[in-house]
Amino acid sequence: MTRFAKRLDQIEMSGIRKIFELSRGMTDAVDLSLGQPHFDTPPEVKKAAIKAIEEGHNRYTVTQGRPDLREALNADLEKNFGFKKGLSMATSGAAGGLFLALAALIEEGDEVIVPDPYFALYSHLVRFFGGTPVLLDTYPDFRVTPEKIEELVSPRTRMLLFNNPANPTGIAYTKEEVAGIAGVAKKHNLLLLSDEIYSAFSYDFPHESMMRHHEETILVGGFSKTYAIAGWRLGFAAGPEEIINKMSMMQQFSYVCAPSAAQVAGITALDLDMSSYIEPYKKKRDMVYEGLKDNFELVRPQGAFYIFPKCPRPEQTMLRKTLDAVGEGADQEFVRRAVENKVLVVPGSACSKNHTHFRLSFAASDEDLKRGIDILNRIARY
């Protein structure tokens, strides 16, 4: 029998991937599970990538990314994120940036405060590098506050992992809230790893970057969500020079560099106005919230393209089997029933210690959203 590294012991198959397995072979399903935009890649970006490939931009680039991409990226970071000093680098997706940051900064025994619910990758990566994820319970409103952080800080706390706007809850933070969170990090000399991949999707007020408030912020973002190129794996990281240099060194011996043609196309992408693509998502947010609020407990999202409803309590539904009998949480049972009715959503326990909610992505056509809402409401009332 093959012996595997112990670091893999606490890593499980993604709950999102489990949905793929459940839905295999299913036709005519309403897929509200995926974390990617429903619109297609802008034609200008496609053409730039094709041209780059045809012109031979298929070799390795320098590890930290093409100089012309980083120049364009720095201008965008300064305008939209308040980036003034430090370095930036191209990464293999935002996930690649998270991997490199934690690889460079976290070691055995370090504690990392992770708001719960969280993007599934966070806790796994912290453990992978020997750290301990300390979950900050944000239920029921899903908001991180200075007071909640203070309760968890210990002598071993190394970092706060912050996500704004947040996956899976859709919570976004105001300037005052971000400043308050940054203040606690400064007080305790904590690093801040800020995942702002959904920055373009902020519906009720302008996106406020942590980088404007805390110099020790390592900002991670990417092109996947804003420009609908998730499969191209192009992201970025920016922050203090000494940290980005170490992350670049790690990239030399892991990803090597971000995909070459994607880097060239990224320059074109940064020059586009994406508002016509993104503005309809506010309407989709409203459609889903208004459509579900009578049958589900839920918080109105302010950003990203997710909503995180609470599953109907088991005793409120006519389940044929008790949850104890099937060994499931309320979220898994509800998602299983949704899949049986051809609606794909993600169990909340894929991104939380709790088994009480489910994640719905409204990055879908209006027709699919209406159909999905009707089916989910019918299940909730059953």
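No value in this document is a laboratory result; all are computed from the given coordinates. Since the structure is predicted, the reported quantities are computational estimates derived from the model, not experimental observations. Because the Cβ atoms are built from the backbone with ideal geometry, glycine has one as well, and the counts that use them run over all protein chains shown.
General remarks:
- Segment 248-304 versus segment 140-189: alpha-carbon centroid distance in Å: 21
- Extension gain, residue 124 to residue 297, is 59.4 nm, computed as 0.36 nm per intervening residue step minus the present C-alpha separation.
- Segment 43-270: relative contact order as a whole-number percent, Cα under 8 Å and 6+ apart: 33
- Cβ crowding within 10 Å ranks 296, 223, 205 as 205, 296, 223, fewest other Cβ atoms first.
- Dipole magnitude for segment 43-270: about 640 debye, using +1 per Lys or Arg Cβ and -1 per Asp or Glu Cβ, origin at the Cα centre.
- Segment residue 336-residue 253, extension gain: residue separation times 0.36 nm, minus the distance between their alpha carbons: 25.8 nm
- Fewest-first ranking of 99, 128, using other Cβ atoms within 10 Å as the exposure measure: 128, 99
- Candidate cross-link partners of residue 342 among the lysines, defined by an alpha-carbon separation under 27 Å and a same-chain spacing of 8 or more, comprise 18, 225, 282, 283, 284, 293, 310, 321, 353, 370.
- Label reach from residue 55 (point 7 Å along Cα→C-beta): in segment 70-102, amide nitrogens under 18 Å belong to 70-73.
- Charges were assigned to the Cβ only: +1 to each Lys and Arg, -1 to each Asp and Glu. The resulting dipole of the chain about its Cα centre is roughly 680 debye.
- The order of 210, 1, going from fewest to most other C-beta atoms within 10 Å of their C-beta, is 1, 210.
- Pairwise label distance in nanometres, residue 273 with residue 80, each label 7 Å out on the Cα-Cβ vector: 1.5
- For residue 367 and residue 204, a Förster radius of 30 Å and the Cβ-Cβ distance give a FRET efficiency of 0.70, rounded to the nearest 0.05.
- Selection of chymotrypsin sites (Phe, Trp or Tyr not before Pro), segment 237-280, meeting DSSP coil and at most 15 other Cβ within 10 Å: 253
- Normalised by the number of residues in the chain, the mean separation of alpha-carbon contacts (under 8 Å, six or more apart) gives a relative contact order of 25 percent.
- Proportion of all alpha-carbon pairs of the chain beyond 40 Å (%): 14
- The shape of segment 43-270 can be summarised by an equivalent ellipsoid whose semi-axes, obtained from the alpha carbon gyration tensor, come to 30, 19, 15 Å from longest to shortest.
- Environment charge at residue 72 (Cβ cut-off 10 Å; Lys +1, Arg +1, Asp -1, Glu -1): -2
- Between the residues 237, 261, 105, the greatest Cα displacement towards the positive end of the dipole of segment 43-270, with unit charges on the Cβ of Lys, Arg, Asp and Glu, is found for 261.
- With both labels modelled 7 Å from their Cα along Cα-to-Cβ, the residue 290 to residue 141 distance reads 2.5 nm.
- In plain terms, the chain from residue 44 to residue 107 could stretch by 18.4 nm, reckoned as 0.36 nm per residue minus the Cα-Cα distance.
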